[in-house]
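Novice: Starting off with a structure, shown below.
The values are calculated or read from the model by the stated rules, or taken from the named source; none is laboratory data. Fair warning: this is a prediction, and the values are worked out from it, not measured in the lab. A quick note on method: Cβ atoms are made from the backbone with ideal geometry, for glycine too, and the neighbour counts reach across all protein chains shown.
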Amino acid sequence: MNIRALFEDADQAHREALLTRMERATELPLLVLAFVMVPLLLGPLLWPLSPAEQDVFLALDTFIWALFAVDLGIKVIVAPRKLEYLRRHWLDALVVAIPFFRPLRLLRLFAYGTRAIIGARRLVNVDFLFVYGLGIVLVAATLLPALEASSQRASIQTFPDALWWAVATVTTVGYGDMVPVTPGGRAVGVVLMLTGVAFYSGVTANLASFLTRGNGGHAGQAHQQDDRLDRLLSEVQALREEVGRLRSAGAGPSGA
């Protein structure tokens, strides 16, 4: 009975280590997909779309939802305590559970948006800064055509034009070929300008920290975590071998 418990503990430790690696590997891609869902869910509510465009939006929506569903399903299978994992990741479960009914579009937007906002705790890392810069650009480009539609002088009336303007603004390039003319559009522009300044300040600070520390704080922490996981897996393997030797030693006298 004790030997079986040792095997179960070793297997749980191995699965926990594997789950931790999976979560670390998928955190950034899933954050990007959560931001991409913002224009996919808001666009049909704000823009006039043709039937063909609506089909494209629905296909992309379904594809991203499927990625979240597959990711959650695999992690639940790997997790040694499945119900506890679902309780800790209730937002991921909510994202997958909400169906595609049109009246629930805003609820789905809230779920994806909340998931993206929760990742803000990682903004100290430059890769997450880039993702949040992308997210703010997508949100601004989604809102701007609807805000500018009320003006006859508006030069930004489509999502591609708004995306071009948002990228030029957040990068502080500011070509000036397209500018918002409505109060709401200019408010979005102000937020984007301030975001661009903060974004580059964060990137500069992270780059300076990386150069100062040599290999960078985040990279060093990631390597330390990998080393700890490798040591844990090695200890689990050694424990299994020791248990196997104990079983063999215990079975020897009884067989004789």
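Novice: Could we say that Tyr112 is closer than 28 Å to Ala149 by Cα and either of a type in the set (D, E, K, R) or part of a helix (DSSP H, G or I) (or both) here? Please lay out each step first, then the result.
Specialist: Numbers: closer than 28 Å to Ala149 by Cα: yes; either of a type in the set (D, E, K, R) or part of a helix (DSSP H, G or I) (or both): yes.
So Tyr112 passes the test.
Novice: Something else about it: Write out, first by first residue and then by second, each pair whose Cβ atoms fall under 8 Å of each other, whose residues are 6+ apart or on separate chains, and whose first residue, in the range 8-29, is farther than 20 Å from Ala69 by Cβ and of a type in the set (D, E, K, R) while the second is at pLDDT below 80 and crowded, with 16+ Cβ neighbours inside 10 Å.
Specialist: These pairs meet every condition: Arg21/Leu229.
Novice: Checking the conditions here, which among Gly113, Gly73 is more than 17 Å from Val139 (Cα to Cα) and either in contact with an Asp or Glu (Cβ under 7 Å, 6 or more places away or on another chain) or of a type in the set (Gly, Ala, Ser) (or both)? Don't jump to the end; show me each part of the working.
Specialist: Values: Gly113 fails: more than 17 Å from Val139 (Cα to Cα).
The match here is Gly73.
Novice: Among the residues of the range 155-172, are any in a loop (DSSP other than H, G, I, E, B), at pLDDT 85 or above and exposed (fewer than 14 other Cβ atoms within 10 Å of the Cβ)?
Specialist: Going residue by residue through the range 155-172, those that are in a loop (DSSP other than H, G, I, E, B) are 155-158, 171-172.
If we keep only those that are at pLDDT 85 or above too, we end up with 155-158.
Restricting the remaining residues to those that are exposed (fewer than 14 other Cβ atoms within 10 Å of the Cβ) gives 155, 158.
Yes, there is a match, as at least one residue in the range 155-172 is in a loop (DSSP other than H, G, I, E, B), at pLDDT 85 or above and exposed (fewer than 14 other Cβ atoms within 10 Å of the Cβ).
Novice: Then there's this: Just checking, which of Leu40, Leu33, Leu45 is within 17 Å of Ala111 (Cβ to Cβ), in the same structural domain as Ile77 (by TED's automatic domain parsing), at pLDDT below 85 and not polar (S, T, N, Q)? Break it down into steps so the answer makes sense when it comes.
Specialist: Working: Leu40 fails: at pLDDT below 85; Leu33 fails: at pLDDT below 85.
Checking each option against the conditions leaves just Leu45.
Novice: Continuing with the same structure: Count, please, the residues in the range 40-77 that happen to be under 30 Å from Arg21 (Cα atoms), surrounded by fewer than 16 Cβ atoms within 10 Å (Cβ to Cβ) and among the β-branched types (Val, Ile, Thr).
Specialist: Here the count works out to 4.
Novice: How many residues are touching a residue at least 12 places away in the same chain (Cβ under 8 Å), among the aliphatic types (A, V, I, L, M) and not in a helix (DSSP H, G or I) when one looks only at the range 40-62?
Specialist: The number of residues fulfilling the criteria is 0.
Novice: I would also like to ask the following. Scan the range 160-188 for residues that are within 14 Å of Leu147 (Cβ to Cβ) and in contact (Cβ under 8 Å) with a residue 24 or more places away in the chain and report the count.
Specialist: Within the range 160-188, the first condition is being within 14 Å of Leu147 (Cβ to Cβ), and the residues that meet it are 161-162, 165-166, 178-188.
Subset that is in contact (Cβ under 8 Å) with a residue 24 or more places away in the chain: 165-166, 179-182, 184-185, 188.
Looking only at that region, the number is 9.
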